[in-house]
Structure formats: C-alpha cells, structure tokens
Amino acid sequence: MVNQIDARVIGSRVKLVVCDLDGTLLNGKHEISLNDQAAIREADKKGVFVTLCTGRIFPMLEHYVNLTGIRGPLIAANGAHIVNTVTGKTLWEKPVDNEDAIHLLDFCRDAGMDYSVLAREGCIFSSNSIRVKRFQIYNQIARSKGEKEIPMRVFGSSHNCIEHMKIDKILVQELVQGQFEEAQQFIRENTDLWYTSSEPGLLDVSAPGVTKGEGVRRLADILGIPLAQTCAFGNYDNDISMFSVVGLPIAMSNSSQGAMECALVVTQSNEESGVAVGLLEYIL
C-alpha cells in the first residue's frame, strides 16, 4: 500500500484504466451505478480511456458497453480476446485448443461437475449446470433492452460438437466440496491449459499464457500507452495478474485477500460506486 499523495502522483499520469466487471464495476444487482457511468464519461472527456478487462466473453458485454459508452478496445475472457467495440474487429485472440477442451469436458462429465464452454458461436452447458443462471440473467437484461442475447444450449452425451468452435474459455463450477481441486489437478496433469479463479468455487480455464495481465500488456501496446501510465480496478484472484503489470492497481474494499495484498490502494466496494470513487480520488 502507498499513501494517498503518492497514489495521486501516479494517477495523474494515467492514460488507460481497465476495470473488472463482476464484483468491481457491477453491483449485486448486475448494474453499473449512475456515479460509475458518470465518472467513466468524465474520464473520457479528460483524455483518460476507461475500458473493461473482464472474465466475461464479448457476446456477454454489449449491454455494459452501451451503459458506459466505451468506444474502443476492451479485454474479454480473462485476456483471451481483445476486441474493438466500435468495429467488432478482433485485435488479438488466443482460443482454447479443442482437443484439450474435449479431454477436460469428458473428465468433468464423468465426475459429475458443472461445466460450460464459452465460445464466439454461443455457450454450451452441462445438464446439471447451476452456472447457466448467470447467463440467463444476462439474456433477460439484453432482451429487455432490445440487445443481442447469447445463444445457449445444453450438451448431449458427446462433446464433439465443439470440435470446430472458437472457444474463449471453459468454466468449471464446484458442486461438491473437493471438485475444485480435482479439476485443477486434472488440468495440470493431463492438458496444456491454464486456469485461474474469478470467484469462490469457480475455475476459469483458458489457453496457455492467457491472463488479464497479458491482456493489459497487449492492449497498452496496441494503444501506445506505457504500462506505467495504466491503472486497473479489480476484486478477485484473476485480477492479480493485471495488478502486477499496471502502474496503479486499485482493489475494491470487497476484494479477496490475495487481490487486496497486490493493490497499491483500496477504494470503496462495488456496492458503493468504488470505481467512481477511485477515479475521482486518484486520477481525475
């Protein structure tokens, strides 16, 4: 941690701010507060580009892009996909190897785990999935606003349907205690895949080398902004990699212990417009 004066000195040089979504920019009702929306637009007026660096896939972001008015590149799927919100053009990507994916999905099915594939073509869930509710909620929001819904379906007995899909990531949700560790061990010993966690009991599985930190490095390079002039807001373990590369890492007060320890300063919680508070306090 640093004192507020030092943090403001660092923040005065910031030109790029990346925000995690769930638990950071979104409150418990899956909303972005009016204060957060206003602060993001104020930053844009002052020449500071604020964008997203989230575990969510791009098809699950249209509503929040519209709310914030973000026009330019964002980082989706924990760094696996960088896409321009204006043109829809992919600027960088690293999808999951399909053979490794099928290998993992077969293991999860046989172990009775909750698993899902998040791909550009849509999302596919195990028949026992409770995680699917998060995507159903997003589709309800999108439907009410006349925005695009995420195509969703359930796996049958085989996983071969993903053979030619462009997979951004796989989610494995713990249903029974111990499954989280079992899935980690299987991935380490039987695949080349990488994993992180975006909330308790949930594994985010990606292609090797994919992290939010690497996504921020690539985005900063695309925009021509030195990493010393970047800032990140986050709240959980998958945010630690981006905290390690930006000049000003800011944790929410509702952060995990690991994320909190890697931040320079702590702002208010996601229920208290902590992103707006941090932007106004340290950058604007």
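A few points about this structure:
- No other residue among Arg188, Arg218 is surrounded by fewer than 19 Cβ atoms within 10 Å (Cβ to Cβ) and farther than 20 Å from Cys108 by Cβ apart from Arg218.
Listed here are the residues, each with its yes/no results for (1) in a helix (DSSP H, G or I); (2) open to solvent by 90 Å² or more (accessible area, probe 1.4 Å); (3) among the β-branched types (Val, Ile, Thr); (4) more than 23 Å from Ile240 (Cα to Cα).
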residue	(1), (2), (3), (4)
Met1	no, yes, no, no
Asp6	yes, no, no, no
Val9	yes, no, yes, no
Val17	no, no, yes, no
Gly28	no, no, no, no
Ala38	yes, no, no, yes
Asp44	yes, yes, no, yes
Thr51	no, no, yes, no
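- Total residues in region 20-51, condition touching a residue at least 60 places away in the same chain (Cβ under 8 Å) and either more than 22 Å from Val216 (Cβ to Cβ) or not β-branched (Val, Ile, Thr) (or both): 17
- Any hit, region 134-145, residues being in a loop (DSSP other than H, G, I, E, B), in contact (Cβ under 8 Å) with a residue 24 or more places away in the chain and either touching a Leu at 6+ places or on another chain (Cβ under 8 Å) or aliphatic (A, V, I, L, M) (or both): no
- Within region 222-243, tally of residues that are assigned to a helix (DSSP H, G or I) and closer than 18 Å to Leu26 by Cβ: 4
- Boolean, Tyr195 is hydroxyl-bearing (Ser, Thr, Tyr), within 23 Å of Asn98 (Cβ to Cβ), open to solvent by 10 Å² or more (accessible area, probe 1.4 Å) and modelled with pLDDT of 95 or more: yes
The values are calculated or read from the model by the stated rules, or taken from the named source; none is laboratory data. Remember, predicted model here, so these are calculated numbers, not experimental data. When we count neighbours, we look across all protein chains shown, and the Cβ atoms used for this are built from the backbone with ideal geometry, even at glycine. Heavy atoms of the whole protein, side chains included, go into the accessibility calculation; ligands, DNA and RNA do not. Shrake-Rupley method; radii C 1.70, N 1.55, O 1.52, S 1.80 Å.
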